[in-house]
Amino acid sequence: MATEVVDVCISNCTQYGGRFLCKLCVDRIVALALNKKPLHELENKVRFLQAYEPGPLSESFRGDVSFVGCDLEPVFAHRFIMAGKSSVFRKMFDIDMKEKESGTVQVDDAVAPVLRSVVNYCYTADILFTEEAPAEEVLKLAHKYDINELKAVCESELSRGINNENLCNRLRLAHIYDAKKLDAVAARFFKENFDDVYTRVVERLC
């Protein structure tokens with residue numbers, strides 16, 4: 001196993017069992033640990049970014065494409081990047097469909113901020129959910145365009161903080177978008193909190 005090298009302030013350190021320690025060193029080590037992401041998360045991002053990407057000379061994927069939502073604001077991207085992350089886009093741009101000829105993909109069930117979040121994820125494997133681009137709206141597009149890695153990220157986000165108020169919504173999303181992880185987490189919450197959930201449902205009906 002490789003040993004990680006951490007800078008230390010030699011002049012103020014005291015050696016303990018082969019390690020140099022002082023308040024500054026401990027603070028640095030803690031800061032380094034807090035900034036680390038789980039190895040599996042980083043590996044998944046690298047694997048996603050290295051997914052199938054057609055060569056830049058491929059006629060089928062040369063040039064740009066714009067995604068236009070119901071607010072008519074275009075979001076631009078490169079076809080070969082989007083095709084590399086989505087089997088739906090790959091098929092769309094590789095055969096004689098209207099999107100290939102026009103260079104425009106109409107997405108009538110989304111707005112520009114959500115489209116931009118999806119496009120940015122396909123480039124960076126990172127996403128920040130906001131009020132303008134909430135996880136459930138991004139999940140809809142991730143499912144629609146078969147971007148499985150993004151779908152998993154959305155499920156994880158929606159699985160956090162499940163409560164009596166949003167349980168029905170989470171179960172509905174899991175059913176609509178075949179979100180198995182979200183469904184499992186929501187179902188477990190329901191079983192563990194059955195009495196509270198049942199009482200709340202009865203109160204609403206009365």
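What follows draws every value from the coordinates through simple rules; no lab data is involved. Values in this document were obtained by computation on a predicted structure and should not be read as measured data. Cβ sites come from the backbone with ideal geometry, for glycine too, and all protein chains shown count toward neighbours.
Full-extension gain between residue 180 and residue 126, please, as 0.36 nm times their residue separation minus the C-alpha to C-alpha distance.
Separation in residues times 0.36 nm, less the Cα-Cα distance, equals 17.3 nm.
Pairs 45/140; 85/191; 100/151; 85/181: which are spaced more than 29 Å apart, C-alpha to C-alpha?
Beyond 29 Å: 85/191.
Apply the Karplus curve 6.51 cos²θ - 1.76 cosθ + 1.60, θ = phi - 60°, to the phi angles in the range 69-86 and return the couplings in whole Hz, x for Gly and Pro.
x, 5, 8, 6, 8, x, 10, 9, 7, 9, 4, 5, 5, 5, 5, x, 9, 9
Please arrange 97, 82 by counting, for each residue, the other beta carbons lying within 10 Å of its beta carbon, fewest first.
Ascending number of Cβ neighbours within 10 Å: 97, 82.
Give a residue-ordered list of calculated ³J(HN,Hα) values for the range 143-152 (Karplus: 6.51 cos²θ - 1.76 cosθ + 1.60, θ = phi - 60°; whole Hz; x for Gly, Pro).
Per-residue couplings from phi come out as 6, 4, 9, 6, 9, 5, 5, 5, 4, 5 Hz.
Please list, ordered by chain and number, the residues whose modelled amide H lies under 5 Å from the amide H of residue 107; skip anything fewer than 5 residues away on the same chain.
Close amide H contacts, sequence-distant or interchain: 68, 69.
Sort out for me the Cα centre separation of the range 105-119 from the range 76-104, rounded to whole Å.
A separation of 14 Å, based on Cα centres.
Going 7 Å from the Cα of residue 172 toward and past its Cβ, which residues in the range 103-135 have a backbone nitrogen under 17 Å from where you end up?
Answer for the range 103-135: 134-135.
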